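Step one of this worksheet: look at the structure below.
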Amino acid sequence: MRWQGRSRRKCTGGRLHAHRRKKEHEAGRPAADTTVGAVRRKKIRTQGGNEKMRLYRCEFANVADAKSGTTKRVKIMAVKSNPANPFFARRNITTKGAVIETEIGDAVVTSRPGQDGLVNAKLI
């Protein structure tokens, strides 16, 4: 179980003794790790009965061009770089802030694909 509660260690490295057990609302889920490929999505139920759309694979991105003021749906060729993790670029994993190579040029991802269910980007 992924857990997003407080660490069992102090910042000094000493042991912290738990005053209660883990709670269900502190549980996390594995990252979506959105890659380039044929579209694959999944709807996830979140706290309060709300929903998130997990995007596991994507083929297209909605790329906004600030100069012309238009947005186009273009094919993603590859992930050029990813400041979140240099190994993500090698594995073609798209996250917010990743630089992707598209048909109309390089773009920076502005959405959170693993939580929004789509890839929005703006041209560099």
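Data overview
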{"quantity": "Residue among N120, N82 that alone is touching a helix residue (DSSP H, G or I) at 6+ places or on another chain (Cβ under 8 Å) and farther than 12 Å from T35 by Cα", "calculated": "N82"}
{"quantity": "Strands (runs of 3 or more DSSP E) lying entirely in segment 7-85 (those with 3 or more residues that are out of contact with any Cys (no Cβ under 9 Å at 6 or more places or on another chain) and loosely packed, with under 15 Cβ neighbours inside 10 Å)", "calculated": "40-45, 70-81"}
{"quantity": "Segment 90-101 - residue that is within 16 Å of R57 (Cα to Cα) and within 13 Å of the chain's Cα centre (by Cα) and, of those, surrounded by the most Cβ atoms within 10 Å (Cβ to Cβ)", "calculated": "T94"}
{"quantity": "Contacts under 8 angstrom Cβ, first residue in segment 20-49 being within 18 Å of N85 (Cβ to Cβ) and hydrophobic (A, V, I, L, M, F, W, C), partner open to solvent by 40 Å² or more (accessible area, probe 1.4 Å) and assigned to a helix (DSSP H, G or I), 6 or more apart", "calculated": "A32/Q115"}
{"quantity": "Boolean, K80 is basic (K, R), at pLDDT 95 or above and closer than 15 Å to V63 by Cα", "calculated": "no"}
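The values are calculated or read from the model by the stated rules, or taken from the named source; none is laboratory data. Here the structure is a predicted model, which means the values were calculated and not measured. Note that we place each Cβ from the backbone using ideal geometry, even for glycine, and neighbour counts take in every protein chain shown. Ligands, DNA and RNA are stripped out before the accessible areas are found, and what is left, the full protein with its side chains, is counted by its heavy atoms. Shrake-Rupley method; radii C 1.70, N 1.55, O 1.52, S 1.80 Å.
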